[in-house]
Amino acid sequence: ANASVTRTKPEAKKLATKLLGELKAAPKKFTEYAAKHSNGPSAAKGGSLGTWQKGRMVPEFDNAVQKMKVGEMTGPVETKFGFHIIRRDAVPAGK
């Protein structure tokens, strides 16, 4: 997150947990929520990170994604960058 983010770690986890609950009730709002609530660079893309090879992301994020099926959402997943709500949209060909 950028320097303008001032919430504490417990506040960030509480917010991520709340948002995940809302998204599980309305999963089609993921892109909207990511654009509105994310403090990371993917906010501008509605939370999309594109595709990547295993090992490119931090281990906690990679491990969470590897356990998910297409269409699933999980979280909050904690990394050194903060808490994440993850939605797996696809599995790259050959994976």
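The values are calculated or read from the model by the stated rules, or taken from the named source; none is laboratory data. On a predicted model such as this, the values are computed, not experimentally measured, just so you know. Ligands, DNA and RNA are stripped out before the accessible areas are found, and what is left, the full protein with its side chains, is counted by its heavy atoms. Shrake-Rupley method; radii C 1.70, N 1.55, O 1.52, S 1.80 Å.
Between residue 66 and residue 79, what is 0.36 nm times their sequence separation minus the Cα-Cα distance? Round to one decimal in nm. Don't skip to the end; give the middle numbers.
Numbers: separation 13, 0.36 × 13 = 4.68 nm, distance 1.53 nm.
Going from the current span to full extension adds 3.1 nm.
What translational diffusion coefficient, to the nearest whole µm²/s, does the chain have by Stokes-Einstein, given a Kirkwood radius computed over alpha-carbon pairs, a temperature of 4 °C and 1.567 mPa s viscosity?
Working: Rh = 13.8 Å.
So the translational diffusion coefficient is about 94 µm²/s.
A 22 angstrom limit on the alpha carbon distance is what I want to check against. Which of 28/80; 9/45; 24/45; 13/36 exceed it?
Flagged as over cut-off: 28/80; 9/45.
What does the accessible area per residue of the chain come to in Å², with a 1.4 Å probe and no ligands, DNA or RNA counted? Mind showing how you got there, number by number?
Values: 6640 Å² over 95 residues.
In whole numbers, the chain has 70 Å² accessible per residue.
Could you work out what % of the accessible surface of the chain is carbon and sulfur, using a 1.4 angstrom probe and leaving DNA, RNA and ligands out of the count?
On the way: 3550 of 6640 Å².
Its accessible area is 53 percent carbon and sulfur atoms.
Which ³J(HN,Hα) values in Hz, rounded to whole numbers, follow from the phi angles of region 24-35 under the Karplus curve 6.51 cos²θ - 1.76 cosθ + 1.60, where θ = phi - 60° and Gly and Pro get x?
5, 7, 9, x, 5, 8, 3, 4, 4, 5, 4, 5
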